[in-house]
Amino acid sequence: MNVFTHVEAKIAAVLADLKVEGLIPRDVSLPHIEVETPRDTSHGDFASNVAMTLAKPAGMKPRDLADALKAKLDGDPEIASVAVAGPGFLNITVTPAVFQKLITAIVVDGEVYGRGAARADRVNVEYVSANPTGPMHVGHCRGAVLGDALANLLAFSGYPVTREYYINDAGGQVDVLARSVHLRYREALGEAIGDIPEGLYPGDYLKPLGEALAQKYGDRFIGQPEGAWLAVMREEAIAAMIVLIKDDLAALNIRHDVFVSEASLSRGGVDQVQAAIAALRAKGLIYEGRLAKPLGHDDEEWEDREQTLFKSSEFGDDMDRALQKSDGTYTYFAGDIAYHFDKISRGFPHLINVFGADHIGYIPRMLAAVAALAGGALERDQKGKLKSWRTRGGTTDLEIKVVQLVKLYKGGEPFKMSKRAGTFVTLRDVVDEVGRDPVRFMMLYRKELEPLDFDFAKVTEQSKDNPVFYVQYAHARAASVLRNVAEQMPALEISKAALVRADLSRLDDPAEFDLVRKLAHYPRLIATAAEAREPHRLAFYLYDLASAFHGLWTRGNDLPHLRFIQAQDGALTVARCALVSATRTVISSGLGVLGVEAPETMR
């Protein structure tokens, strides 16, 4: 049950009646109706501006139309009162029975409550996509959690979602990795390698791989020229790093559906890079030309030459972009174009990429490429500037989410951890230090464009100031109420069937209804957060819901007649158990979408 859509349906029915009665012209199209919660709760449970939206097409004054709506709604048995405010706002108060029905509906639906209807338009969410040169570092952590929670949120709201990882295994960095592994391979066979040469990866995480390759190949690649071993070492290293990356991500409960290799796009039967360039060429968007030297570029390194260019400037980029290097190999950007061409070819109408803050400058060219390939356009403001990081229209749209940096602290002081990777703090170090749940929840408890200070002391303390503890404790506390009822009143039935039959008219305290109103927001919150691509809204909502539940618990401590367990009143206890069960269900559901555990007990 979605209380918001329930009330919206009532307004729609009244408008249809007014058309039949001739007050509203029959040829007028009715607007989309949406009700919201008034900022001032004393104004009612719901508010709508539908009279102001429809007044002009209907040829009426907004206030007159609002009065006509009020007259009809006043006769609805589930409507307690309707007030017309200002120029024509409708403020609606429903009867307690509506919220009582909601509690029952949540108990019946369980964790299906709030789930959106199935949709046909598939979404591809690509996130992390780090170079396969080592373990995940803390800089990858926020994007990984955002992408995974966003995928969960979209799936829960009804979208078929594919979680995807793009393996950047075609650039020079994987050759550097292969040389680094070869060095560790030689070390494993007894060679003293000394200090790691500058430019190679120094992390100890490569030592086990070197030892494994020494056992597998013996001394076959000792004393051999690079050409004899580079390809083998590259293949072995990439495979090993993908296993390491998957293991690191699994520690955060992140698992992708699809891994796409960059190298695979330009080998085999079909060269996707050539195919993508051909598709752009057919649209007149590829030409041979010269680019101006970028500002600040070293003159000695600049190569002024004719090359294959993409007209990305026609789609909002600040310049056209090269697709091939001087040696004839493709640029990194050409590979990305081919990868997105591949995703478009797989029939995804919606693409979402999660980028780190260091890739902001790359966004316009990537949007330009997808807009060109899919026949869409970039959103612009009145001055022609990019309005958002997304494309619109065409067969496929692309939206890019950007996460800001994470700074590590402990007790307010900058915190440095062991650096198994040699040059950076690993994601696994952070998870091992505080656990998966605090990492996931706190990475989502800020808007992704805001810098995040992650304090190891704060995320493990047991207080209201620690959001993840506060929300998980609310779930554990709800579970404890139900356990305590079973222990203290063993003859009282509190099964699901019993809670569905509960006399919910016994719930009459304002704090109880405040909690139910919070529960009523969950389906709307899921829908709006999914539409906005903002899972942090769910984290904020869960904290507010937990606060309302803890507040009700505290009132019971101060006022014994408001306690959940009333040993002398079984009917009231069952009614309150229904409310507690509904709260527990929503918290569990929301935490599940965020990928965070909903514990039954906490110490």
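Bear in mind these aren't lab numbers, they're just calculated from the coordinates by the rules spelled out. Keep in mind that this is a model prediction, so the values were computed, not measured. For neighbour counting, all protein chains shown are included, and Cβ atoms are generated from backbone atoms with ideal geometry for every residue, glycine included.
Measuring r between the beta carbons of K19 and D503 and using R0 = 41 Å, the FRET efficiency lands at 0.55. In this simple spin-label model, placing a label point 7 Å from the Cα along the Cα-to-Cβ direction at both R392 and V28 gives a separation of 2.7 nm.
Taking only Cα atoms, what is the 0 to 90° angle, nearest 10, from helix 510-520's long axis to the longest principal axis of the chain? Its long axis makes an angle of about 50 degrees.
Restricting to bridges with both residues inside the chain, how much of the DSSP beta-bridge set is antiparallel, in percent to the nearest 5? For the chain, the DSSP antiparallel bridge percentage is about 50. Here the residues V471, V35, ranked from fewest to most Cβ neighbours within 10 Å of their Cβ, fall in the order V35, V471.
Here the chain is treated with +1 on each Lys and Arg Cβ and -1 on each Asp and Glu Cβ, and its dipole about the Cα centre works out to around 1200 debye.
Shown for R584, R501: other C-beta atoms within 10 Å of each C-beta, ranked fewest to most, produce the order R501, R584.
Cα convex hull of the stretch 70-228: how many Å³ per residue? Value for the stretch 70-228: 253 Å³ per residue.
Helices in the chain, meaning DSSP H runs of at least 4 residues, each add -39500 (n - 2.57). Divided by all residues, the mean residue ellipticity at 222 nm is -15000 deg cm²/dmol. Compute the long axis of helix 536-558 from its Cα atoms, compare it with the longest principal axis of the Cα atoms of the chain, and write down the angle in degrees, 0 to 90, nearest 10. Its long axis makes an angle of about 40 degrees. Inter-part distance, the stretch 526-600 to the stretch 70-148, computed on C-alpha centroids, equals 15 Å.
Summarising the overall dimensions of the stretch 172-250 from its C-alpha atoms, the Rg and Dmax are 12.0, 39 angstrom. Name all residues of the stretch 510-536 having a backbone nitrogen under 11 Å from the label point set 7 Å from the Cα of T5 along its Cα→Cβ direction, giving them as ranges. Flagged as within label range: 523-524, 527.
Counting every pair of alpha carbons in the stretch 366-503, the share spaced more than 26 Å apart comes to 57 percent. Projecting the Cα atoms of P57, V596, W553 onto the dipole axis of the chain, where Lys and Arg carry +1 and Asp and Glu carry -1 at the beta carbon, places P57 farthest toward the positive end. With a threshold of 32 Å on the Cα-Cα distance, the over-threshold entries among K416/K447; K70/K464; K207/K343; K401/K496 are K70/K464; K207/K343; K401/K496.
Would you calculate the separation in nanometres between label points at A228 and A120, each defined as 7 Å from the Cα along the Cα-to-beta-carbon direction? So the label points at A228 and A120 sit 6.1 nm apart. Each 5 Å bin from 0 upward holds the following percent of the Cα-Cα pairs of the stretch 3-94: 3, 15, 28, 28, 17, 7, 2, 0. Applying the criteria of a DSSP loop state and at most 15 other Cβ atoms within 10 Å to the chymotrypsin sites (Phe, Trp or Tyr not before Pro) of the stretch 271-367 yields W302. Seen against the Cα atoms of the chain and their longest principal axis, helix 570-594 is set at about 20 degrees. Note on the stretch 26-79: Rg/Rh from Cα positions, Kirkwood definition for Rh, rounded to two decimals, is 0.99.
Shown here for the stretch 152-193: chymotrypsin sites (Phe, Trp or Tyr not before Pro) in loop regions (DSSP other than H, G, I, E, B) with at most 13 other Cβ atoms within 10 Å, of which there are none. Shape index of the stretch 409-568: Rg/Rh, with Rg the Cα radius of gyration and Rh the Kirkwood radius from the inverse mean 1/r over Cα pairs, equals 1.07. In a DSSP loop and with at most 15 other Cβ atoms within 10 Å, the trypsin sites (Lys or Arg not before Pro) in the stretch 362-415 are K383, K385.
Relative to the compact-globule estimate of 2.2 N^0.38 Å, the Cα radius of gyration of the stretch 16-157 comes out at 1.56. Shown here: the chain, whose C-alpha atoms stretch 88, 63, 43 Å along the first, second and third principal axes, sorted largest to smallest.
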